[in-house]
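The values are calculated or read from the model by the stated rules, or taken from the named source; none is laboratory data. Quantities reported herein were computed from a predicted structural model and do not represent experimental measurements. All Cβ positions, even for glycine, are placed from backbone atoms using ideal geometry, and neighbour counts span all protein chains on display.
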Amino acid sequence: MRTPIHSRNSPTALLVLGTILGAVVGCHEPKGKKEIDMAERTGLITFKGGPLTLVGNEAKIGRKAPEAELVANDLSVVKLSALCRGKVCIITSVPSLDTPVCDMETRRFNEEAGKLGQDVVVLTVSRDLPFAQKRWCGAAGVKNVQTLSDYREAAFGKAYGVLIKELRLLARAVFVLDKQGVIRYVELVKEVASEPNYGAALTAAKELL
């Protein structure tokens, strides 16, 4: 029987998803002294009104975008700087492509990416396994957005300050980088279950062309 959308998007559903993903990737993600010493930020995001904690320093406008290694759908390891080099880069982070809001968001950015031209790349980062991302892209017909997995060490989540401590998933956020790799726009979506401001992000990207 197909699970109703409201159930898949419930607080329990995301908590269960976080637990499952935590178990799957736990062996790849030792919590050593480096992470223990990382900044923790509170009061910035909620899920269904419940407060959550973010791990990592804030990625601020005007600063060089942090580097992070991610895993592509073909299991190759890629660097963000290589993917974004010489391009205006829209990076979205989402909790999981297998949830309705993330599904809608990534489909929307895929549609918009087709209109932005060759000087803009759109990347979506989640902690879903690469196999799951590849399956989702195929089923959704997504070809203009490249999905990348942060499942190994949550390197992106920590570098950009969007790793949710309680769930071990990524917060919903949008970063726009200029062609020199400097952050020019950031939206950290206050409520994880809400969609981002598409118009503002797209306008920020177009102004950098």
*Do any residues in the stretch 172-196 that are under 17 Å from ALA59 (Cα atoms) have Cβ atoms under 6 Å from those of residues that are acidic (Asp, Glu) and in a loop (DSSP other than H, G, I, E, B), where the two are at least six apart or on different chains, and which pairs are they?*
ARG184/ASP178
*asked:* Considering only residues that are more than 22 Å from LYS87 (Cα to Cα) and touching a helix residue (DSSP H, G or I) at 6+ places or on another chain (Cβ under 7 Å), which ones fall in the stretch 159-190?
replied: LEU163, LEU167, ARG168, LEU169, LEU170
*Restricting the search to the stretch 159-209, which residues are of a type in the set (Val, Ile, Thr) and surrounded by 15 or more Cβ atoms within 10 Å (Cβ to Cβ)?*
VAL162, ILE164, VAL174, VAL176, ILE183, VAL186, VAL189, VAL192
*Would it be correct to say that VAL94 is surrounded by fewer than 15 Cβ atoms within 10 Å (Cβ to Cβ), modelled with pLDDT of 95 or more and within 15 Å of ALA155 (Cα to Cα)?*
no
*Find all pairs meeting these conditions: Cβ atoms under 7 angstrom apart; at least six residues apart or on different chains; first residue within the stretch 68-92 and farther than 20 Å from VAL162 by Cα and touching a residue at least 24 places away in the same chain (Cβ under 8 Å); second residue buried (at least 17 other Cβ atoms within 10 Å of the Cβ) and basic (Lys, Arg).*
ASN73/LYS134
*Do we find that PRO51 is surrounded by fewer than 21 Cβ atoms within 10 Å (Cβ to Cβ), closer than 21 Å to VAL192 by Cβ, at pLDDT 95 or above and touching a helix residue (DSSP H, G or I) at 6+ places or on another chain (Cβ under 6 Å) in this structure?*
no
*Within the stretch 100-114, track down each residue that is modelled with pLDDT of 95 or more and out of contact with any Leu (no Cβ under 7 Å at 6 or more places or on another chain).*
PRO100, VAL101, CYS102, MET104, GLU105, ARG107, ARG108, PHE109, ASN110, GLU111, ALA113
*Which one is surrounded by the fewest Cβ atoms within 10 Å (Cβ to Cβ) among residues in the stretch 68-77 that are in contact with a Pro (Cβ under 8 Å, 6 or more places away or on another chain) and in a loop (DSSP other than H, G, I, E, B)?*
ASP74
